[in-house]
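The block underneath contains the structure these notes are about, expressed in structure tokens.
The values are calculated or read from the model by the stated rules, or taken from the named source; none is laboratory data. These figures come from a predicted structure and were not determined experimentally. Every residue, glycine as well, gets a Cβ built from its backbone with ideal geometry; the counts of neighbours run over all protein chains shown. Surface areas here come from the heavy atoms of the whole protein model, side chains and all, with no ligands, DNA or RNA. Shrake-Rupley method; radii C 1.70, N 1.55, O 1.52, S 1.80 Å.
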Amino acid sequence: LEVAERRRAEKIQHALYEIADLSAQALDTDQLSASLHRIIGELMVADNFLIALYHPDTEEISIPYFVDQKDSTPPLQRFPFGKAMCSYVLSSKQAQLHDLGSFRQLVANGIVAEPLGSTEIASWMGAPMLVHEKPYGVLVVQSYDPAIVYTKADLDLLAFMASHVAVAIARMQADRKIRKAKQELEQQNAALNDALHALQEAQSELVRQEKLASLGRLVAGVAHE
């Protein structure tokens, strides 16, 4: 048992290193999401997995990554923050573990809306991605197989991973903002240099024209004399 626990701890530590490494790479959303799915899949059964991202500017949730045994695509790619399970997890700021019975109770109590996708859920976990209470999204793992039921230990692990993923996403977003600001500054500098060059050329042309005018006046004066 002690050896198994040590190996599991080593796997978790390795997963955290991989997540930290992802944030240092300039990956697109698809590559990042697939890598996260692989990393989490090495720690638990994650045949049904999705990543939901929160967009505070529009108060919407998008699903950039979705792998499911029942549905090939998510029912909605983007939807308003509201009564979906992802919204519920973000609102509560707590990792949630549910089975079909507890899920139906949430629907009956009006806490969440009836899902648009498959409801044949044997076990469901959702963990918020938060950095200093700021929401970035939700990681969801679920099972349709009654033989695969997640435990409180699985939920704690998913929540632990979600917090580290949130830090990675926050770092990537900050890096993108810095790169964008740098690019905008470089564009502004290039525009200023172009404007300065045009001004210098205009000044040179004015000086040339003034010299020609002076020469013309001199020639005219000599001719008059």
* **Average Cα contact separation per residue, the range 84-137, under 8 Å, 6 or more apart, as relative contact order %** => 46
* Asked: Calculated from the structure, percent of Cα pairs over 25 Å apart equals which of (1) 46; (2) 32; (3) 53?
  -> (3)
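Report, in debye and to the nearest 20, how large the dipole of the chain comes out about its Cα centre when Lys and Arg carry +1 and Asp and Glu carry -1 on their Cβ.
Charge dipole of the chain: 360 debye, to the nearest 20.
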* 0 to 90° range, to nearest 10: angle between helix 152-224 axis and the chain longest Cα axis -> 10
* Positive-pole candidate from Ile148, Ala195, Gly126, dipole of the chain, charges at beta carbon -> Ala195
* **Total charge dipole magnitude, the range 1-65, about the Cα centre, Cβ charges on Lys, Arg, Asp, Glu only, Debye to nearest 20** => 380
* To do: For Ser35, Ser87, give the ranking by accessible area with the largest first, probe 1.4 Å.
  => Ser35, Ser87
* Give the accessible area for His37 in Å² (nearest 10); use a 1.4 Å probe, count only protein heavy atoms, and leave out ligands, DNA and RNA. => 30
* Structure fact -> Taking r as the C-beta separation of Ala9 and Glu184 and R0 as 35 Å, the FRET efficiency to the nearest 0.05 is 0.20
* **Residue-level accessible surface for Asp156, protein heavy atoms, 1.4 Å, Å²** => 80
* Asked: Which order do Leu199, Leu36, Leu53 take by accessible area at a 1.4 Å probe, largest first?
  -> Leu199, Leu53, Leu36
* Asked: Carbon and sulfur: what percent of the range 3-136's accessible surface (1.4 Å probe)?
  -> 52
* What does the helix-only formula give at 222 nm for the chain: each DSSP H stretch with n ≥ 4 adding -39500 (n - 2.57), the total divided by the residues, and the result rounded to the nearest 500 deg cm²/dmol? -> -20000 deg cm²/dmol
* **the chain - percent relative contact order, Cα under 8 Å, separation 6 or more** => 17
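Roll a 1.4 Å probe over the protein chains and send me the accessible area per residue for the range 147-215 in Å². Provide the component values of the computation, followed by the final result.
Numbers: 4990 Å² over 69 residues.
I get 72 Å² per residue for this part.
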* To do: Please work out the FRET efficiency for the pair Ala24 and Leu106, using the Cβ-Cβ distance as r and a Förster radius of 45 Å; give the result to the nearest 0.05.
  => 0.70
* Asked: With axes computed from alpha carbons, what is the tilt in degrees of helix 2-24 against the longest principal axis of the chain, rounded to the nearest 10 within 0 to 90?
  -> 20
* Asked: Taking a probe of 1.4 angstrom, what is the accessible area of Lys211 in Å², to the nearest 10?
  -> 140
* Work out the charge dipole of the chain with +1 on the Cβ of Lys and Arg and -1 on the Cβ of Asp and Glu about the Cα centre, then indicate which of Leu1, Gln183, Leu97 is farthest towards its positive end. => Gln183
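So, with +1 on the Cβ of K and R and -1 on the Cβ of D and E, and no other charges, what is the size of the charge dipole of the range 28-94 about its Cα centre, to the nearest 20 debye?
220
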